[in-house]
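Below is one structure, written out as structure tokens, with a few remarks after it.
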Amino acid sequence: MDNLQPCPREPERTGPTIAVYPGTFDPITNGHLDIVGRALGLFDRVIIAVAINVRKKPLFSLDERIKLIRQCFDPEETRVRVDATDGLIVDYAISQGACALVRGLRAVSDFDYELQLALMNRKLAREVDTVFLMTGFRWIYISSSIIKDAAKHNGDVSGLVPVHVEEALKSIYELHDNKGKQRQK
Ligand code: COA
């Protein structure tokens, strides 16, 4: 056991334990909310950080995504904060005094990417650990893309996203449809 190397940490962390839950959230789903609920069981505070994934071109603007997330929580719920960041997520976590990044795992298929992300984040900042939480079984098959795909083709996504997100999806796709129709005239 002599060669065990503990991670360098702040000597005595005081105050509340804070976790950052980063993602694109385009849009937030019940699966994401399930992860937030689980994280609140482990940490005093959770910051949902809408971050930039260079490989994604979101449907909802940053402001819309933030608004949709905020609407999921009672304004009295002071343990959850919603924020945006355009830099490195570990830098953001450190700036917020967070000790962990939270990521949800659904299936084995998530693992490779999540491992790569977690190891890169550890390389960038060893003091911030990544904590993986298993998504509730009911949400194991959903993703923001699959929800958007279903909604775009008039599929029923009720029960998979909060009602206000369902409405936002409907109105955004109706808007797109109408624009298409106008163009055809
Ligand atoms: N329920 C439902 N869906 C879930 C889920 C859950 N519990 N957990 C993951 N997903 C889905 C998401 O809906 C998303 O689906 P999509 O691909 O269809 O949109 C997918 O799994 C994973 O996306 P998400 O969790 O939003 O993460 P991401 O891969 O888009 O975001 C960032 C990654 C933003 C966290 C990462 O790019 C980042 O940290 N960027 C900032 C820059 C940085 O520091 N980069 C890393 C080091 S270089």
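The values are calculated or read from the model by the stated rules, or taken from the named source; none is laboratory data. All values derive from a computational prediction rather than experimental measurement. Please note: Cβ atoms are built from the backbone with ideal geometry, for glycine as well, and neighbour counts cover all protein chains shown.
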| request: Kindly indicate whether Gly159 is touching a Phe, Trp or Tyr at 6+ places or on another chain (Cβ under 8 Å) and modelled with pLDDT of 95 or more. | output: no
| So which residues in segment 139-156 are free of Cβ contacts under 8 Å to residues at least 24 places away in the same chain and either assigned to a strand (DSSP E or B) or within 12 Å of the ligand (Cβ to nearest atom) (or both), if there are any at all? | Ser145, Ile146, Asp149, Ala150
| query | Which one of these is in contact with a Lys or Arg (Cβ under 9 Å, 6 or more places away or on another chain), of a type in the set (Gly, Ala, Ser) and over 20 Å from Lys56 (Cβ atoms): Gly136, Gly155? | reply | Gly136
| said: Could you check segment 77-128 and list, in sequence order, the residues that are in contact (Cβ under 8 Å) with a residue 24 or more places away in the chain, basic (Lys, Arg), more than 9 Å from the ligand (Cβ to nearest atom) and not in a strand (DSSP E or B)? | reply: Arg79, Arg126
| field | Any chance Leu88 is surrounded by fewer than 19 Cβ atoms within 10 Å (Cβ to Cβ), out of contact with any Leu (no Cβ under 7 Å at 6 or more places or on another chain) and farther than 20 Å from His164 by Cβ | value | no
| field | Residue list for segment 19-40, filter: more than 7 Å from the ligand (Cβ to nearest atom) and in a helix (DSSP H, G or I) | value | Asn30, Leu33, Val36, Gly37, Arg38, Ala39, Leu40
| said: Any residue at all in segment 69-76 that's more than 12 Å from the chain's Cα centre (by Cα), within 30 Å of Glu174 (Cβ to Cβ) and of a type in the set (Phe, Trp, Tyr)? | reply: yes
